[in-house]
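Peer 1: The structure follows.
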């Protein structure tokens, strides 16, 4: 990557180092999360309880010095508990909007799949259009705005599957996983006196984040790599084991994430390997398997790997347009 990206790489390293204080031994996960932030995308974390999903969301907000809000989803939660309500003010004889917890910069939607689909859908407009409509009036959510949703695996009792339309609005889906033995020992030592999240400080400003997001837009993607992305997405729409393939939103997500991933790896151009590396995070939650595939317990990640193995790797990566 050329000299103009030196500041970009420095800020990425600062973010990684800061988040590694609270999420130990998961550098690959942290890089994918930063990739999503650089694309202004929403993040879905699916994993078992206790592996650091909530801590990761808090760490992002603290590292950027942004307003953080947490929504604890439960089966009895109403949409107004998310979006806010209009309350009649008897002094000025007018209705006043009281913003809900969704109006923040980093919103942790904790255990989102424990709420009913009706309540989950309250996030749809906010996530896509960065606005809310309450009692017929529209309210703009201030930038930056990112939803970090967590959910337990669907086989756990008392959960509701997320609607397909909402899943599609998450740029990436990740799993943190259990730490290695040495990393878990280091985690215990780090929390001996106090949790590291309490002492985490902002290390880059919102203005610096905006500059990084603009740099990502400058990353070069050749026509060959663009076609490679479209070929992958199109293959998900024509696979025998897939009932519903990825939407065009998935194509855009894969394109933008590949640019961000290349920038994180100190390159100002995208390689096919960048696309391969991130495909499972961007597309796996956008695919609906057909009944026979579900009966055979075939995972979307497996089919994506199969699709990539059959597609020719493009040449002409460095050809200007």
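Peer 1: Go through the stretch 31-44 and report how many residues are crowded, with 21+ Cβ neighbours inside 10 Å and over 11 Å from the mean Cα position of the chain (by Cα).
Peer 2: Within the stretch 31-44, residues that are crowded, with 21+ Cβ neighbours inside 10 Å and over 11 Å from the mean Cα position of the chain (by Cα) number 0.
Peer 1: If only one of 204, 197 is in the same structural domain as residue 10 (by TED's automatic domain parsing), in a loop (DSSP other than H, G, I, E, B) and either in contact (Cβ under 8 Å) with a residue 24 or more places away in the chain or touching a helix residue (DSSP H, G or I) at 6+ places or on another chain (Cβ under 7 Å) (or both), which one is it? First the steps, then the outcome.
Peer 2: On the way: 197 fails: in a loop (DSSP other than H, G, I, E, B).
Sole residue among the options that is in the same structural domain as residue 10 (by TED's automatic domain parsing), in a loop (DSSP other than H, G, I, E, B) and either in contact (Cβ under 8 Å) with a residue 24 or more places away in the chain or touching a helix residue (DSSP H, G or I) at 6+ places or on another chain (Cβ under 7 Å) (or both): 204.
Peer 1: Which residues, taken from the stretch 260-300, are under 20 Å from residue 249 (Cβ atoms) and either assigned by TED's automatic domain parsing to the domain that holds residue 170 or touching a residue at least 60 places away in the same chain (Cβ under 8 Å) (or both)?
Peer 2: 260, 261, 278, 281, 282, 284, 285, 286, 288 - these are the residues of the stretch 260-300 that are under 20 Å from residue 249 (Cβ atoms) and either assigned by TED's automatic domain parsing to the domain that holds residue 170 or touching a residue at least 60 places away in the same chain (Cβ under 8 Å) (or both).
Peer 1: Given the condition in a helix (DSSP H, G or I) and buried (at least 22 other Cβ atoms within 10 Å of the Cβ), answer yes or no: does some residue in the stretch 45-53 qualify?
Peer 2: Step one: list which residues in the stretch 45-53 are in a helix (DSSP H, G or I), which gives 53.
Restricting the remaining residues to those that are buried (at least 22 other Cβ atoms within 10 Å of the Cβ) gives 53.
Scanning the stretch 45-53, I find at least one residue that is in a helix (DSSP H, G or I) and buried (at least 22 other Cβ atoms within 10 Å of the Cβ), so the answer is yes.
Peer 1: Hey, can you tell me all the residues within the stretch 214-235 that are in a helix (DSSP H, G or I), surrounded by 18 or more Cβ atoms within 10 Å (Cβ to Cβ) and within 21 Å of the chain's Cα centre (by Cα)?
Peer 2: 215, 216, 229, 232, 233 - these are the residues of the stretch 214-235 that are in a helix (DSSP H, G or I), surrounded by 18 or more Cβ atoms within 10 Å (Cβ to Cβ) and within 21 Å of the chain's Cα centre (by Cα).
Peer 1: Residues of the stretch 249-270 being surrounded by fewer than 19 Cβ atoms within 10 Å (Cβ to Cβ) and over 17 Å from the mean Cα position of the chain (by Cα), which ones?
Peer 2: 265, 266, 267, 268, 269
Peer 1: Quick one: which residue in 87, 16, 102 is touching a helix residue (DSSP H, G or I) at 6+ places or on another chain (Cβ under 7 Å), assigned by TED's automatic domain parsing to the domain that holds residue 203, on the phi < 0 side of the Ramachandran plot and without any contact (Cβ under 8 Å) to a residue 24 or more places away in the chain? Spell out how you get there, then give the answer.
Peer 2: Details: 87 fails: touching a helix residue (DSSP H, G or I) at 6+ places or on another chain (Cβ under 7 Å); 102 fails: without any contact (Cβ under 8 Å) to a residue 24 or more places away in the chain.
Within the list 87, 16, 102, the selection yields 16.
Peer 1: Would you confirm whether or not the stretch 213-230 contains a residue that is more than 25 Å from residue 278 (Cβ to Cβ) and in the same structural domain as residue 13 (by TED's automatic domain parsing)? Before the answer, list the steps.
Peer 2: So the first thing to find is which residues in the stretch 213-230 are more than 25 Å from residue 278 (Cβ to Cβ), and the list is none.
Checked the stretch 213-230: no residue is more than 25 Å from residue 278 (Cβ to Cβ) and in the same structural domain as residue 13 (by TED's automatic domain parsing).
Peer 1: Right, another one. In the set 174, 197, 203, which member is within 30 Å of residue 6 (Cβ to Cβ), touching a strand residue (DSSP E or B) at 6+ places or on another chain (Cβ under 8 Å) and surrounded by 14 or more Cβ atoms within 10 Å (Cβ to Cβ)? Quick ask: steps written out before the conclusion?
Peer 2: On the way: 197 fails: touching a strand residue (DSSP E or B) at 6+ places or on another chain (Cβ under 8 Å); 203 fails: touching a strand residue (DSSP E or B) at 6+ places or on another chain (Cβ under 8 Å).
Only one candidate qualifies: 174.
The values are calculated or read from the model by the stated rules, or taken from the named source; none is laboratory data. Just so we're clear, the structure is a prediction, and the values are computed from it rather than from any experiment. With ideal geometry, Cβ positions are generated from the backbone for all residues, glycine too; neighbour counts draw on all protein chains shown.
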